[in-house]
Amino acid sequence: MSSPNSVFTAMVSTTMRKHYKKVVDNVTKHNGLLTVMKNKGHIKTDAEGGYEIAIPLSYAENSTYQRYSGYDTLNIGASDVLSAAKYDWKQVALHVTASGRELKMNRSEERMINLVKARTDVAMATAANNMSIDIYSDGALPNQIGGLGSLITSDGTGTVGGIVAGTYTFWKNKFKEISGTGATFATMKTAMNDLWLSTTRGNDKPDMIVLSHDFYSIYEGGLQDLQRYGDAKMAKLGFDALKYKSAAVIYDDNTNFGTTSETGYFLNTDYLWLIEHPEARWTEDDQKVPVNQDAVVVPIYWMGNMVTSNRSLQGKLMDAS
C-alpha cells in the first residue's frame, strides 16, 4: 500500500497541474490591475531567462528624419534610439505541507482529497493576497518585487530598471499634488485634469486610474448620480469601476495602498508588464521531507518582477500633506 506521504504528494501534484490556470487566475482576478494586464497579454514569460530582465525601450526620436530636395546629402548616421531597462529577478516560495499526524489521520481517499483541497486552496489564496500587495509596493521588503510604489514615485525621480531618472530626464514619471489641504471633488478634478494632460501623448494616454480608498470615495461622491460614468468593461471582469475620460477608475485597498494613503496612479498599461520565469510560474517542485520533522513539504515557486518600458507616461496623484 502506498504511504500517506506519497499519496498526499501525488494528489498535490495532480491538483497543481490540473489547476495551474486556476492558480494564475486567482492571482490575477484578485486584482483589477493584474486582470487588465493579463487581458492585454502583459503577464508573460521571459523564455530566455538570463541574469536580469531586459526590457527594450525607446527614449529618443530617430535623428535621421530629414527634409531634402534633389541631390542634397542625406543623413545616414546611426540613431541610438533603443536601449534597455534592466530589472532583477525576484522569487516567491509557497509550501503545501502536512504533518505525519495529519497524514495518518486522513488515510482514506475521501479524507485525503479534502486535506489536499484545503491546503492547495489556502496556497492559492495566499498567492493572490500577497501578489496583490506586492504590485503596489515600493520593493522595500527583502526580495520583494518592485511594484507601482517603486516604478512611479512621488517626485518622478529614482533609479528604476537601472536607469537614474535624475540623470536621464526622459525616465521621470509625472506627478501632481492636489492643491490645498484636504482634497475635495473640485480640487481633485482639477489635479486629475492636469495629470491627464501631462501623461497623454497623442493616442498614448492612461487607460486605468487606480485610487486609494479616500480618493475613490471623493471621486465617486462627485459622480454619484451620473450612471454614465460607470465602466462596463471592468464590470464584466468583476470589478466595480467608474470612468474618467477614456480610463477606467478603480480602487484597491491593502497594506501598501490603504485607506489613508491618499494616492492615485494614472497608468498606461501598454508599458507595464509582469514578467515571469517559464520554470517558476507558481510551479510545483518535488516533495521535501525535513530531516528533523515528521512532515512532508511540497514547494511552489514563482520568479519574476513588475517592469515598465516607459515611465514618462505614468503618473502619480497625491494629496497635500
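The values are calculated or read from the model by the stated rules, or taken from the named source; none is laboratory data. Everything quoted here is computed from the prediction, not taken from an experiment. Cβ sites come from the backbone with ideal geometry, for glycine too, and all protein chains shown count toward neighbours. Accessible surface is based on the protein model in full, side chains and every heavy atom, while ligands, DNA and RNA are left aside. Shrake-Rupley method; radii C 1.70, N 1.55, O 1.52, S 1.80 Å.
Which of the following residues is β-branched (Val, Ile, Thr) and open to solvent by 50 Å² or more (accessible area, probe 1.4 Å): Val96, Val122, Val92? Show your work before the answer.
On the way: Val96 fails: open to solvent by 50 Å² or more (accessible area, probe 1.4 Å); Val92 fails: open to solvent by 50 Å² or more (accessible area, probe 1.4 Å).
That would be Val122, the only listed residue that is β-branched (Val, Ile, Thr) and open to solvent by 50 Å² or more (accessible area, probe 1.4 Å).
Residues in the range 135-194 that are under 16 Å from Leu317 (Cβ atoms) and of a type in the set (Phe, Trp, Tyr): Tyr136, Phe175, Phe185.
Listed conditions (1) crowded, with 21+ Cβ neighbours inside 10 Å; (2) modelled with pLDDT of 95 or more; (3) over 19 Å from the mean Cα position of the chain (by Cα); (4) not charged (D, E, K, R) are all met by Asn173, apart from (3). Of the strands (runs of 3 or more DSSP E) that lie entirely inside the range 221-321, those containing 3 or more residues that are under 30 Å from Ala140 (Cβ atoms) and modelled with pLDDT of 85 or more span 247-251, 263-267, 272-284, 295-308, 315-318.
For the range 176-207, a residue qualifies if it is open to solvent by 70 Å² or more (accessible area, probe 1.4 Å), assigned to a helix (DSSP H, G or I) and not charged (D, E, K, R), and the qualifying residues are Thr190, Leu197. Could you say which residue among Asn114, Asn129 is open to solvent by 20 Å² or more (accessible area, probe 1.4 Å), within 22 Å of Thr35 (Cα to Cα) and outside any strand (DSSP E or B)? Exactly one of Asn114, Asn129 is open to solvent by 20 Å² or more (accessible area, probe 1.4 Å), within 22 Å of Thr35 (Cα to Cα) and outside any strand (DSSP E or B), namely Asn129. Look at the range 89-101: where a residue is closer than 11 Å to Glu284 by Cβ and a partner is modelled with pLDDT of 85 or more and part of a strand (DSSP E or B), sitting 6+ places away or on another chain with Cβ atoms under 6 Å, you get Leu94/Ile300; His95/Val297; His95/Pro299; Val96/Val298. Please determine whether any residue of the range 167-183 is within 23 Å of Asp88 (Cα to Cα) and among the β-branched types (Val, Ile, Thr). Yes - at least one qualifying residue is present in the range 167-183.
Selection of the range 134-167 for residues being in contact (Cβ under 8 Å) with a residue 60 or more places away in the chain, surrounded by fewer than 18 Cβ atoms within 10 Å (Cβ to Cβ) and in contact with a strand residue (DSSP E or B) (Cβ under 9 Å, 6 or more places away or on another chain) yields Ser154, Gly162.
Taking the residues in the range 74-89 that are open to solvent by 80 Å² or more (accessible area, probe 1.4 Å) and not in a strand (DSSP E or B) as candidates, determine which candidate is modelled with the lowest pLDDT. So that I can check it myself, show each step before the final result.
Going residue by residue through the range 74-89, those that are open to solvent by 80 Å² or more (accessible area, probe 1.4 Å) are 74, 76, 78, 80, 82, 86, 88.
Filter again for not in a strand (DSSP E or B), leaving 74, 76, 78, 80, 88.
Values: Leu74: 87, Ile76: 79, Ala78: 68, Asp80: 58, Asp88: 94.
Checking each candidate, the answer is Asp80.
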